[in-house]
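The values are calculated or read from the model by the stated rules, or taken from the named source; none is laboratory data. Everything quoted here is computed from the prediction, not taken from an experiment. Methodologically, a virtual Cβ is constructed for each residue, glycine included, from the backbone with ideal geometry; neighbour enumeration extends over all protein chains shown. Only protein heavy atoms, including side chains, enter the accessible area calculation; ligands, DNA and RNA are left aside. Shrake-Rupley method; radii C 1.70, N 1.55, O 1.52, S 1.80 Å.
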Amino acid sequence: MRDFTAARIADTPDQIWVLEHPPVYTLGLAGRAQHVLSPGVIPVVKTDRGGQVTYHGPGQAVAYVLLDLRRLGVGVKELVRRLEQAALDVLAESGVKGTRREGMPGVYVNGAKIAAVGLRIARGCSYHGLALNVDVDLEPFTHIDPCGYPGLACTRLADQGVRDSISAVQQKLADALSRCLTPT
C-alpha cells in the first residue's frame, strides 16, 4: 500500500484491495500500548494508519482503499462517511440494521462495533481502510481496548444471523465500496 501510494502519479488508477489477514493486532499512529491488554501469541504490529488498536484475522473482510482524494472530490471526513456507508449497505443487504456513532468512526449493531475504519492520507491519497467482521473469532478483541475504548463490545455478521461466506461478503463489500466511492 505504502509503495503503491508513494509511486502514484496523477493518472494512476485507484484500487480497492479486499482480503483477509492472519491473526494480528495493529496499533495505529496514535495507538497507546496500554490499550493492548494481553496479546498472548498474536503479534502486535505498529502501522502508519490513524487510530488506536484493532484486531484482524480470518473471517474478517478487510478493504484497503487506495484512492486519490482530489480526483474523488472528497476530504477525509467524507471518505470515512462513505466507507461507513459501504459497510451499512452490506449490512442492510443482509437484513442487519447498522448505525454510526458520533465521534467514534465505524459501524455498530446494537452498540457493538462490527466495522472499523482506519486511514492514512499521503500526498492527497488514501490507504488502509475498513474492516468488517463477518465470522471472525471475537475472542482476541477481549485482549485489547478496541479502537482505544475500554469495554467496547464487538460483534460480527454471524452473530446477527448472517451465514454468508467470507468470499460472498467480500464481493458485497467490494461492490458497495465501488458504488460509494464514485467521484462527486
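Residues in the stretch 1-48 that are open to solvent by 30 Å² or more (accessible area, probe 1.4 Å) and acidic (Asp, Glu): 3, 11, 14, 20.
Quick check, is residue 51 modelled with pLDDT under 95 and buried (at least 19 other Cβ atoms within 10 Å of the Cβ)? Reasoning before the result, please.
Working: modelled with pLDDT under 95: yes; buried (at least 19 other Cβ atoms within 10 Å of the Cβ): yes.
It is true that residue 51 is modelled with pLDDT under 95 and buried (at least 19 other Cβ atoms within 10 Å of the Cβ).
Per-residue answers, yes or no, for (1) of a type outside the set (Gly, Ala, Ser); (2) more than 24 Å from residue 165 (Cα to Cα); (3) touching a strand residue (DSSP E or B) at 6+ places or on another chain (Cβ under 8 Å):
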site	(1), (2), (3)
49	yes, yes, yes
56	yes, no, yes
60	yes, no, yes
77	yes, yes, no
86	no, no, yes
128	yes, no, yes
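Scanning the stretch 114-143 for residues that are in contact with a Cys (Cβ under 7 Å, 6 or more places away or on another chain) and either open to solvent by 10 Å² or more (accessible area, probe 1.4 Å) or modelled with pLDDT under 95 (or both) gives 116, 138, 141.
Quick check on the stretch 59-73. Is at least one of its residues at pLDDT 95 or above, at positive phi and touching a helix residue (DSSP H, G or I) at 6+ places or on another chain (Cβ under 9 Å)? Yes. For the stretch 52-110, which residues satisfy the criterion of being in contact (Cβ under 8 Å) with a residue 60 or more places away in the chain, in contact with a Lys or Arg (Cβ under 9 Å, 6 or more places away or on another chain), among the small types (Gly, Ala, Ser) and in a strand (DSSP E or B)? Selection gives 61 alone. Pairs are defined by a Cβ separation below 6 Å, a sequence spacing of at least 6 or placement on different chains, a first member in the stretch 120-138 that is of a type in the set (Asp, Glu), and a second member that is open to solvent by less than 20 Å² (accessible area, probe 1.4 Å); the pairs so defined are 135/59; 135/158.
Quick one: how many residues across the stretch 144-159 are open to solvent by 20 Å² or more (accessible area, probe 1.4 Å) and not charged (D, E, K, R)?
First, pick out the residues of the stretch 144-159 that are open to solvent by 20 Å² or more (accessible area, probe 1.4 Å): 147, 149-154, 156, 159.
Subsequent filtering for residues that are not charged (D, E, K, R) retains 147, 149-154.
Counting residues in the stretch 144-159 that are open to solvent by 20 Å² or more (accessible area, probe 1.4 Å) and not charged (D, E, K, R) gives 7.
With respect to (1) out of contact with any Pro (no Cβ under 6 Å at 6 or more places or on another chain); (2) under 17 Å from residue 1 (Cα atoms), the lone exception for residue 20 is condition (1).
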